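The values are calculated or read from the model by the stated rules, or taken from the named source; none is laboratory data. What you see is a predicted model, and the numbers here were worked out from it, not measured in a lab. Quick reminder, even Gly has a Cβ in these numbers, built from the backbone with ideal geometry, and neighbours come from all protein chains shown.
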Amino acid sequence: MSATNAFEDKVLSLYFTNADAANIGDATGLRGSTTAGSVFISLHTADPGETGDQTTSETAYTSYARVAVARSLAGWTVATGNCDNDAAIVFPTCGATGSTITHFGVGSATSGVGSRDLNGTSSLTVSTGITPQFAIGALDVSLD
């Protein structure tokens, strides 16, 4: 079974932009949160898999920290079953130790163990003085 792009858009919009998802379950649908909050983007050195949390294979380059992105239309665009970032997502500049990034995660916690809800592949080599980032539109999430 496959979800339609329209349904994927509703779910992605609810998660990333806090928009109500009408007509899911009943006419009132699923409602966005009273306080939208943020999602937290993490970087990983290997595939965290289906059961991993936000710390599974998470990079530990010097000065690394997850980046918060607001759950809003200013942070994300959802269209045709795909979601991408509306502003650059910039991580702290690497200090003395580097890392090779193969995956990213989208989760619930600013640090420590948290729910990693979505993930994808990414190819970044981080070394001293490098500031890893996802340019506008470069972090793509789909539910296919």
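I'd like to check something: does the stretch 94-117 contain any residue that is over 14 Å from His44 (Cβ atoms), over 12 Å from the mean Cα position of the chain (by Cα), surrounded by 17 or more Cβ atoms within 10 Å (Cβ to Cβ) and modelled with pLDDT of 90 or more? Yes, some residue in the stretch 94-117 is over 14 Å from His44 (Cβ atoms), over 12 Å from the mean Cα position of the chain (by Cα), surrounded by 17 or more Cβ atoms within 10 Å (Cβ to Cβ) and modelled with pLDDT of 90 or more. When the stretch 16-73 is filtered for residues that are of a type in the set (D, E, K, R) and more than 21 Å from Thr121 (Cα to Cα), the ones remaining, listed by number, are Asp20, Asp26, Arg31, Arg71.
Residues of the stretch 46-58 that are modelled with pLDDT under 95 and among the β-branched types (Val, Ile, Thr): Thr51 alone. Checking each residue in the stretch 69-81 for being surrounded by 14 or more Cβ atoms within 10 Å (Cβ to Cβ) and either hydrophobic (A, V, I, L, M, F, W, C) or farther than 21 Å from Ser33 by Cα (or both) picks out Val69, Ala70, Leu73, Trp76, Val78, Gly81.
Considering only residues in the stretch 97-117 that are in a strand (DSSP E or B) and touching a residue at least 60 places away in the same chain (Cβ under 8 Å), the one that is nearest to Ala3 (Cα to Cα) turns out to be Asp117.
Every condition in (1) in a loop (DSSP other than H, G, I, E, B); (2) within 20 Å of Ser108 (Cβ to Cβ); (3) hydrophobic (A, V, I, L, M, F, W, C); (4) in contact with a Gly (Cβ under 8 Å, 6 or more places away or on another chain) holds for Cys94 except the one numbered (2). Among residues belonging to the stretch 1-22 that are among the aromatic types (Phe, Trp, Tyr) and under 15 Å from Leu118 (Cβ atoms), point out the one that is surrounded by the most Cβ atoms within 10 Å (Cβ to Cβ). For the stretch 1-22, the residue satisfying everything is Phe16. Of the residues making up the stretch 122-136, those that are touching a residue at least 60 places away in the same chain (Cβ under 8 Å) and within 18 Å of the chain's Cα centre (by Cα) are Ser122, Leu124, Pro132, Phe134. Exactly one residue out of Ala65, Ala70, Ala19, Ala74 is in contact with a strand residue (DSSP E or B) (Cβ under 6 Å, 6 or more places away or on another chain) and at pLDDT 90 or above: that is Ala70.
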